[in-house]
Amino acid sequence: MDQGLDREGHRLIRRLGAPLAGRAAWVVAGAVPALFLAVFFLVPVANLVLRGFHDGGSWTLAGFSEVFSAPRTWRILWFTLYTATLATAACVALGLPVAYLLHRCRFPGRGLLRAIVAVPFVLPTVVVAVAFGSLFNPGGLLEFLQLKESYLAILLALCFFNVAVIVRTTGSVWSRLDPRLGQAAQVLGASPLRTLWTVTLPALGPAIAAGASLVFLFCSTSFGIIMVLGGVKYSTLETEIWYQTTQLLDLRAAAALSVTQLVIVSGSLLASTALQRRTQQSLRLHVDDSAEHPLSPARDWFALSVTTLVVSVLLVLPMANLVIRSLRRDGQWTLQNYANLATTGSSGALSVPVWQAVWNSAWIAAVACVIAVTMGVLVSLVASRRPRNRGGRLSLTLLEGAFLLPLGVSAVTVGFGYLITLNRGPLDLRSSLVLIPIAQALVALPLVVRSLLPALRAIDPRQLEAARALGSSGWQVLRRIELPHLVRGLGLAVGFALATSLGEFGATSFLSRPDNPTLPVVIYRLFGRPGPDNYGMALAASALLACVTAIVMGAAEQARGKGVSTW
Amino acid sequence: MFTRKLTSLLAAAAVAAALGACSQPASSSTPTAGSEGSATITSSTKLTVVTHDSFALPDELKAKFAKESGLDVTYVAPGDGGALVNQLILTKDAPMGDVVFGIDNSFSGRAVDEGIITDYDSPALPATSKQFDTPDLTPIDFGDVCLNADSQWFAKEGIAVPTTLEDLVKPEYKDLLVVTNPASSSPGLSFLLATISAKGDDGYLDYWGQLVDNGVKVVQGWSDAYYTEFSGADGKGPRPLVVSYATSPAYTVTEDGSESTTVALLGTCFRQVEYAGVIAGAQNQKGAQEFIDFLLSEDVQSSIPETMYMYPVTDVALPAQWEKFAPLSEQSLTIEPDEISAGRDRWTKDWTAKVIG
C-alpha cells in the first residue's frame with residue numbers, strides 16, 4: 001500500500017518535474033550564449049560608449065549636442081542613409097531577376113551559378129577593395145570609365161557584396177511559391193507583367209523587404225569599402241566612429257555617433273526579423289512542391305539578360321581581373337607572386353611568411369567556427385521555442401535580436417571596449433590570441449543564427465504537437481525532429497562561420513599580433529609596403545583568400561538541405 | 001648586472017612558486033639602486049612590447065633578445081602611431097604592456113602630458129644622439145617626410161623639378177601633386193606640420209587654399225598615393241609629385257644601379273623621430289628598460305633601415321643605396337612636441353574643413 005502510494009508519488013513528480021527540468025535546461029541553454037555575448041560584446045561596448053556620456057564627474061549628453069551641432073555630422077549621416085538606400089534599391093532591382101532565374105528556372109550549370117552569386121557576400125573587404133581598385137585605378141582594365149574614388153565605384157562594390165542577400169532571401173521563397181496562383185491569373189487574362197506585379201511581387205513582399213532591410217544594414221555599416229574606395233571625400237557613420245575613436249580619442253563624439261548608428265541598425269534589424277518571421281509563417285501555406293520550369297530564353301529573356309550582366313560584369317569581372325593581375329609581372333605571365341608567398345616579402349614587410357598566416361587563418365577560423373556554431377545552435381534552439389505567454393515570446397525576440405547586434409556595432413568600438421574591460425585578472429586577454437576567434441565568432445554569429453533558425457521555425461507545429469500527443473518526451477522531440485531539421489541548416493552555418501572568420505579584418509587587425517597575423521592582415525600590410533614584390537604578393541594572397549573562401553562557401557551551398565534558409 | 005638579474009630571477013621564482021600553477025604573469029618589485037630617483041622598479045618573467053603596426057624586427061634579433069634577457073616576450077601591434085598612443089591613454093589604469101615603441105614626435109607631447117610613460121634615460125643612447133632626446137622617452141630612429149618627384153617625368157616634360165613649398169603653388173606645377181590625408185596617414189600629418197612650420201599657424205590654411213586652387217589631390221593613405229597616383233612608382237600613376245620619405249628614392253634605382261628615377265625635395269621635409277618608452281604602471285619595468293637598451297644595440301640599429309625605412313639614431317653603417325640616393329635633409333622643418341600636442345587636433349580639423357570640406 002505504502003509502496004503503491006510511493007510509486008504513484010514518484011510518477012507524479014516525474015510528470016510535473018519533467019517540464020520543469022526541461023524549462024530549466026532551456027534557461028541554461030540560453031544562458032550560456034547570453035553570458036558569452038555579455039562578456040565579449042555587450043559589457044565592453046557599453047563600457048566604452050558610457051564613457052562618452054560621463055565627463056569624469058557626472059553623466060552628460062553634451063556629446064550629442066556637440067556632435068549634432070556640427071554640419072559635418074549631418075552630412076555624414078545623410079550620406080550614410082542615402083548611400084545605403086540607393087545601394088539597397090540597386091541590389092533589389094538586380095537581385096530579383098537573378099533570384100527568379102536561379103530559383104525558378106532549371107538549366108545546366110545552375111548549381112555553379114548559384115555558388116558564384118553566393119561567394120561575394122563572404123569575401124573579405126580587403127580583397128574586394130583591392131579587386132575593384134585594380135579595375136578602376138590607373139593601368140586597370142576599366143580605367144577609362146574614370147571611376148576611381150567615384151561614388152559609383154562605392155555603389156558597385158556595395159552591390160557586389162549584397163546582391164547575394166536579395167537572391168538568397170527571395171529566391172528560396174520564390175521557389176516555393178505556389179505556381180497555380182500565377183497560372184490562375186494568366187488564365188483569367190492577366191499579362192505576365194501584370195501577373196508579376198499583382199500576384200508574384202506582393203507574395204514575395206515580406207521576403208524582399210526582409211532581404212532589403214538586411215542589405216540596408218550591411219551597406220550602412222560598411223567600413224572597408226568606404227575607406228579604401230571612397231578616398232577622402234566620403235565618410236559614413238562607421239568611418240567617422242573609427243576616426244573619432246582611434247585618431248582623436250574623442251569618446252564623446254564617438255559615443256554619440258555609435259548610439260545613432262545603433263538606433264538605425266536596430267530599426268532595420270527589427271524590421272528584418274519581423275518580416276523574416278512573417279515569410280516563414282506564410283511559407284507554410286504554400287505547397288512545398290518545386291515550382292521550377294525549364295529555362296526558356298523566349299519567355300525568360302529579361303531575367304536571363306540581367307543575370308548575365310550581373311554575374312559577368314558585377315561579380316566575375318572584378319575577381320577574374322584580380323586573379324589575372326596576380327599572375328602577371330612586368331607584362332609577362334608568371335607564378336612568381338605565388339612562389340613569393342613562401343617569403344616574408346621584400347625589405348622585411350612581414351614578420352612571418354604568408355603561408356604561416358594562411359595556417360593562422362585556418363586554425364583561427366576553425367576555432368571561431370566551433371564557437372560560433374555551438375553558440376548559434378544553442379541560440380537557435382532556444383529562440384525557436386514557441387512559448388504561449390507574451391513575456392516568453394518577448395524575451396525570445398530580445399534574445400534573437402541581441403545576437404544580431406554585433407552586425408551593427410563597429411569593430412573599433414568592440415576593440416577599444418575590450419581594452420578597457422577585459423583588463424584585469426583572468427579576463428586580461430588583451431594580448432592573448434584567444435580573443436581573435438572569439439571576436440570573429442561574434443561577427444559570424446548573426447549569420448549562423450540566420451542560417452539555423454529558419455530551419456527550426458519551418459517545422460510544422462502540428463508535427464511537434466503530434467509527437468507530444470503520442471507520448472514523446474521533450475528530449476525525444478528534440479532529438480528526433482528538431483535536431484535533424486537543424487542539421488539541414490548546419491552546413492550553411494558552418495560555411496558562413498568559416499568564411500566570415502577567414503575574411504574578418506576590422507576586429508582582427510586590432511587583436512592579432514605581428515608574429516601571428518591572419519591572411520587579411522598580411523594582405524593589408526603588404527599593400528602598405530613599397531616594392532613590386534610586396535604588391536604582387538598582396539595580389540596573390542588576395543586571390544588565394546578569395547579562392548579558399550569560394551571553395552568553403554561552395555561546399556556549404558552543396559551541403560545545405562533543400563529549401564532551408566530563407567534569410 | 002649579474003646580481004641584479006639573479007635577484008630578480010629569485011624573486012620571480014619565489015612569486016611563481018607562491019602562485020603555484022597560476023598562469024598570471026609573475027611580477028614583483030625588486031629594490032635596486034635606481035638611477036632615476038625611484039627606489040623600486042618592477043620586474044617579471046614576461047614582457048609585453050606594444051608597437052605601432054609598422055614595427056618590424058628580424059626573427060633572429062627577437063630570438064636574441066629573448067635568449068639574452070631570459071624573458072618570455074609578447075609583441076602586440078594594435079594600430080598606427082596615433083591609434084597606439086590613444087590606446088595607451090585609454091588603458092592607463094591597467095596598461096596593456098610594459099614597453100612601447102613607435103610614438104613619434106607628433107604624438108610624444110600628448111603621450112608625456114597624459115602620463116602614460118615612466119621616465120627612463122637609457123645608458124645605451126650615445127651622447128652624439130642626444131639631439132633627438134626628449135623627456136621621458138628614448139629616441140630609436142628618425143627620418144624625413146619629404147615630397148618626392150619623378151625626375152624622369154620632369155626631364156621628359158622639360159619642366160624644372162620644384163624645390164620649395166612656394167614652387168608648388170605656381171601655375172607650371174598645377175595638378176601635379178598628390179598628398180595623403182593628415183587625419184588618417186602619418187606622412188600626411190608630417191607634411192601638414194611641415195607647412196605649418198614653414199607658413200605659421202596663421203598662414204598655413206591660406207597656403208593650403210592655394211594648393212587646392214593649384215589642383216592638389218588628397219588620398220587616404222601612403223600606399224594609395226605612392227603606388228597608384230605617383231608616376232614614379234610601379235603603379236605609374238598620373239602625378240609626378242607625392243608625399244613620401246627621404247629614403248624612398250633608394251627603392252626606385254634603375255637596374256644598372258647608377259641612378260634613381262625619383263628624388264626627394266629636401267626643402268620640403270619634416271623631421272620625424274620615433275621613440276620608445278617604459279609604460280607607466282608596467283608589470284616589468286626592468287624588462288622594459290632592457291628592451292629599450294636592446295633597441296639601441298648595434299644589431300637592431302643596423303637592421304632599422306632595411307626593416308622600417310628609417311635612419312638609426314646611433315652611428316651605424318647605412319645601406320649603400322641610402323648613402324647614394326637617400327640623403328637626409330640639411331634643413332628639415334620641425335615643430336616642438338608640446339606645440340604639436342596642443343595644436344594637432346585643431347590643425348587636422350581646420351585642414352579637413354578647408355581642403356576636403
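The values are calculated or read from the model by the stated rules, or taken from the named source; none is laboratory data. As the structure is a computational prediction, the values presented were derived from the model and not from experiment. Note that we place each Cβ from the backbone using ideal geometry, even for glycine, and neighbour counts take in every protein chain shown. To get the accessible areas, we keep the full protein, side chains included, count just its heavy atoms, and leave off ligands, DNA and RNA. Shrake-Rupley method; radii C 1.70, N 1.55, O 1.52, S 1.80 Å.
Brief remarks follow.
- Yes/no for B:T268 being open to solvent by 20 Å² or more (accessible area, probe 1.4 Å) and of a type in the set (V, I, T): no
- Residue in segment B:86-109 that is of a type in the set (D, E) and under 18 Å from B:I292 (Cα atoms) present: yes
- Answer residue from segment B:110-135, given it is open to solvent by 10 Å² or more (accessible area, probe 1.4 Å) and within 14 Å of another protein chain (Cβ to nearest Cβ) and is nearest to the chain's Cα centre (by Cα) among those: B:R110
- Screening the candidates A:G133, A:G182 for the property of being in a helix (DSSP H, G or I) and either aliphatic (A, V, I, L, M) or more than 30 Å from B:T228 (Cβ to Cβ) (or both) yields one hit, A:G182.
Yes or no, residue by residue, for (1) under 19 Å from the mean Cα position of the chain (by Cα); (2) within 12 Å of chain A (Cβ to nearest Cβ):
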site	(1), (2)
B:T307	yes, yes
B:L328	yes, no
B:I335	yes, no
B:D338	yes, no
B:R344	yes, yes
B:K349	no, yes
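- Near pairs, Cβ below 6 angstrom, 6+ apart or cross-chain, from segment B:76-91 (more than 7 Å from chain A (Cβ to nearest Cβ)) to any residue that is among the aliphatic types (A, V, I, L, M) and outside any helix (DSSP H, G or I): B:V85/B:I103; B:L88/B:I116
- Pairing each residue of segment A:383-394 that is closer than 17 Å to A:A31 by Cβ with any residue that is of a type in the set (D, E), provided the two are 6+ apart or on different chains, yields C-beta distances under 9 Å for A:A383/A:E400; A:S384/A:E482.
- Taken over segment B:227-244, the criterion of being touching a Phe, Trp or Tyr at 6+ places or on another chain (Cβ under 6 Å) and hydroxyl-bearing (S, T, Y) is satisfied by B:S231, B:S244.
- The residue that is nearest to the other protein chains (Cβ to nearest Cβ), counting only those in segment B:195-244 that are farther than 30 Å from A:D533 by Cβ and touching an Asp or Glu at 6+ places or on another chain (Cβ under 7 Å), is B:G215.
- At least 2 residues being crowded, with 24+ Cβ neighbours inside 10 Å is the threshold, and among the helices (runs of 4 or more DSSP H) wholly inside segment A:378-458 those reaching it are A:411-421, A:435-457.
- Checked against (1) under 15 Å from the mean Cα position of the chain (by Cα); (2) more than 13 Å from chain A (Cβ to nearest Cβ); (3) open to solvent by less than 10 Å² (accessible area, probe 1.4 Å); (4) closer than 30 Å to B:K199 by Cα, B:T247 passes all but condition (2).
- Scanning segment A:168-179 for residues that are part of a helix (DSSP H, G or I) and buried (at least 19 other Cβ atoms within 10 Å of the Cβ) turns up A:R168, A:T169, A:T170, A:G171, A:S172, A:V173, A:W174.
- Being within 21 Å of B:P319 (Cα to Cα), touching a residue at least 12 places away in the same chain (Cβ under 8 Å), in the same structural domain as B:D121 (by TED's automatic domain parsing) and surrounded by fewer than 24 Cβ atoms within 10 Å (Cβ to Cβ) is a property that does not hold for B:S260.
- Selection status of A:A357, over 22 Å from A:F218 (Cβ atoms), part of a helix (DSSP H, G or I) and either in contact with a helix residue (DSSP H, G or I) (Cβ under 9 Å, 6 or more places away or on another chain) or at pLDDT 90 or above (or both): yes
- Taking segment A:518-550 as the range and being facing chain B (nearest Cβ under 9 Å) and among the charged types (D, E, K, R) as the test, the residues that pass are A:R525, A:R529.
- Checklist (1) open to solvent by less than 40 Å² (accessible area, probe 1.4 Å); (2) within 14 Å of chain B (Cβ to nearest Cβ); (3) charged (D, E, K, R) applied to A:D515, failing item: (1)
- Selection count, segment A:241-267, where residues are open to solvent by 10 Å² or more (accessible area, probe 1.4 Å) and either farther than 18 Å from A:F510 by Cβ or out of contact with any helix residue (DSSP H, G or I) (no Cβ under 7 Å at 6 or more places or on another chain) (or both): 10
- Neighbours by Cβ (under 9 Å, 6+ apart or cross-chain): first from segment A:54-73, over 18 Å from B:K349 (Cα atoms); second assigned to a strand (DSSP E or B): A:T60/A:H54
- Any hit, segment A:90-101, residues being closer than 17 Å to A:G211 by Cα, without any contact (Cβ under 8 Å) to a residue 40 or more places away in the chain and surrounded by fewer than 19 Cβ atoms within 10 Å (Cβ to Cβ): yes
- All of (1) surrounded by fewer than 18 Cβ atoms within 10 Å (Cβ to Cβ); (2) among the basic types (K, R); (3) within 13 Å of another protein chain (Cβ to nearest Cβ) hold for B:K67 with one exception: (3).
- Residues of segment A:459-493 satisfying the condition of being among the β-branched types (V, I, T) and open to solvent by less than 60 Å² (accessible area, probe 1.4 Å): A:I459, A:V477, A:I481
- Screening segment B:185-199 for residues that are touching a helix residue (DSSP H, G or I) at 6+ places or on another chain (Cβ under 7 Å) and among the polar types (S, T, N, Q) and picking the one that is modelled with the lowest pLDDT gives B:S185.
- Taking segment A:125-167 as the range and being open to solvent by less than 30 Å² (accessible area, probe 1.4 Å), more than 21 Å from B:K217 (Cα to Cα) and not aliphatic (A, V, I, L, M) as the test, the residues that pass are A:C159, A:F160, A:F161, A:N162.
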